[in-house]
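Written below as structure tokens is the structure these notes are about.
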Amino acid sequence: MDSSELPTGSKPHGRPLPKPVRLIICFLTAIALAWLLFEPSFTLAQGFVLFLVFFSVGLWITEAVPAFAVGLMIIASLVFALAYDGNLQADRKEVKVYTDTFSSSVIWLLLGGYFLASAITKTGLDSSIIQASVKVFGSSPRRMLVGMMMLTMVVSMFLSNTTTTAMVMAALMPMIHHYGKTSSVSKAMVLGVPVAATIGGMGMMIGCPSNIMTYDAITAAGATVGFVEWMIYGMPVMIGLTLLTAWILMKKLVKDAGEIQQFSPAPTGRREGNRSQRAIVLIVLFATIIAWVTSPLHGLSAAAVSAFPLVILPMAGILGKEDVRAMSWDSLLLIAGSLALGEGLNHSGLLQVYADRVAGLPISQFTIIFGFAYVAMLLSNVMGATATCSILLPAGISIVSQNVVGISMIIGLCACVAILLPVSSPPNAIAFNTGSIQQKDFLIAGKIVALIGPALIVLWVLLLSA
């Protein structure tokens with residue numbers, strides 16, 4: 001589960017330009033692009049939203065300001081501009097739709113995931129699972145690689161992919177020390193874990209924030225996708241891409257490595273919860289998942305089911321105010337802003353203008369869908385899955401309106417294939433900072449997965465949604 005796509009604070013490349021310089025460049029570039037694309041038929045509101053899109057994307061890519069600050073800027077800008085009593089009065093829209101993103105079902109569903117993840121981590125259930133699993137995989141580097149990648153994939157469906165990567169890396173340190181930090185076996189492990197953590201977000205609706213945004217976009221368009229249905233879409237692709245990555249890494253890096261002697265998981269040093277607290281967390285976890293899975297039977301929405309962990313865990317004393325304060329509230333601000341940007345594109349009419357033009361191009365809809373898949377994958381590598389979905393989901397639904405679920409799932413899942421660069425995701429940054437790999441090493445498996453992944457997602461989703 002990807003709880004944050006915010007900057008990790010460490011940069012694996014050369015010294016960047018000062019942030020004020022990057023901010024000014026983004027602002028001037030956005031003005032220039034909006035001016036070039038502005039047409040006589042556009043309203044002032046449409047021109048403003050066009051500028052806001054370019055400005056926001058530039059800020060997300062360059063990280064001139066924190067990502068959550070961009071989200072707040074989007075909401076404030078839309079409320080101010082589209083409620084202004086001057087020249088934009090003719091285009092005035094109901095601004096409540098932009099401020100209501102803070103109370104969107106997306107936020108509540110994600111909060112439920114945060115509470116569950118925090119409780120699992122606080123009680124030590126996560127480290128216990130990882131340490132026990134390390135002992136099961138044995139001393140073969142090949143088995144260890146596949147086992148740890150599959151374990152990372154499963155855990156990241158519930159926990160932040162950043163937290164999962166950090167824990168698994170800590171557990172693997174004895175093996176990395178055994179072979180040497182820069183050995184091919186160590187490289188394989190260090191490369192495999194972040195890929196599995198990132199791709200693992202595909203499997204469940206709460207796997208990452210972009211999944212929640214996809215779910216919200218689908219329901220807002222009048223379609224439906226259930227918790228189990230999401231798993232049917234996401235899990236086969238998730239497992240397939242994880243195993244493909246493991247196979248590539250074994251073929252390229254783990255060839256005739258010997259057995260690992262006296263290998264044991266690294267201690268976490270964390271204080272673990274008592275047995276009764278663990279039992280409560282497990283009960284709440286399974287009850288929530290069962291309620292999500294059986295939603296068609298009882299009629300509760302996924303966001304409503306999130307009330308279980310939100311209410312029970314604090315009342316049972318599992319989570320305190322310090323735990324709540326430590327959650328990724330900045331990510332929620334980013335998501336609220338991203339949702340508002342999508343609303344701005346839609347309500348200004350700008351989205352429909354370009355959707356009509358793309359729909360009128362002499363190319364097949366199948367080609368358009370493939371285009372969205374690969375654009376989603378590429379953009380998510382430089383600006384994050386959440387920001388990518390905020391731009392592409394409204395456009396995709398508008399253009400491929402006869403298959404809302406299909407195009408939305410394709411964009412949402414392809415946004416999870418962000419594995420090409422050290423800055424593509426926090427797990428990649430963690431792996432890079434171990435010193436075991438270079439920037440080019442991410443392409444060993446990344447280029448193949450990035451090429452095959454979107455095509456596999458398109459074919460699988462279209463097969464299910466046909």
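The values are calculated or read from the model by the stated rules, or taken from the named source; none is laboratory data. Remember, it's a predicted structure, so these values are computed and weren't measured experimentally. Counting neighbours? That spans all protein chains shown, and the Cβs are built from the backbone with ideal geometry, glycine included.
Tallying residues that are in contact with a Leu (Cβ under 7 Å, 6 or more places away or on another chain), touching a residue at least 60 places away in the same chain (Cβ under 8 Å) and under 26 Å from residue 95 (Cα atoms) within the stretch 345-389 yields 4. Residue 390 falls short of the stated requirement of being over 22 Å from residue 448 (Cβ atoms), crowded, with 24+ Cβ neighbours inside 10 Å, among the polar types (S, T, N, Q) and more than 13 Å from the chain's Cα centre (by Cα). Answer yes or no: is there a residue in the stretch 430-443 that is more than 19 Å from residue 193 (Cα to Cα), hydroxyl-bearing (Ser, Thr, Tyr), touching a residue at least 12 places away in the same chain (Cβ under 8 Å) and surrounded by fewer than 24 Cβ atoms within 10 Å (Cβ to Cβ). No: the stretch 430-443 contains no residue that is more than 19 Å from residue 193 (Cα to Cα), hydroxyl-bearing (Ser, Thr, Tyr), touching a residue at least 12 places away in the same chain (Cβ under 8 Å) and surrounded by fewer than 24 Cβ atoms within 10 Å (Cβ to Cβ). Assess whether residue 160 counts as being buried (at least 24 other Cβ atoms within 10 Å of the Cβ) and polar (S, T, N, Q). Answer is yes for this residue.
The single condition among (1) farther than 22 Å from residue 388 by Cβ; (2) surrounded by fewer than 22 Cβ atoms within 10 Å (Cβ to Cβ); (3) at pLDDT below 85 that residue 45 does not meet is (2). Counting the residues of the stretch 340-366 that are under 20 Å from the mean Cα position of the chain (by Cα) and either under 14 Å from residue 69 (Cα atoms) or at pLDDT 85 or above (or both) gives 2. Restricting attention to the stretch 200-210, which residues are assigned to a helix (DSSP H, G or I) and over 9 Å from the mean Cα position of the chain (by Cα)? Scanning the stretch 200-210 gives a single hit, 200. For residue 194, the conditions (1) at positive phi; (2) part of a helix (DSSP H, G or I) all hold with the exception of (1).
Where helices (runs of 4 or more DSSP H) sit wholly within the stretch 79-187, none has at least 3 residues that are at pLDDT below 80 and touching a strand residue (DSSP E or B) at 6+ places or on another chain (Cβ under 6 Å). Within the stretch 302-325, restricting attention to residues that are surrounded by 14 or more Cβ atoms within 10 Å (Cβ to Cβ) and assigned to a loop (DSSP other than H, G, I, E, B), the residue that is nearest to the chain's Cα centre (by Cα) is 306.
For the residues 410, 399, the requirement of being buried (at least 20 other Cβ atoms within 10 Å of the Cβ), within 16 Å of the chain's Cα centre (by Cα) and modelled with pLDDT of 85 or more singles out 410.
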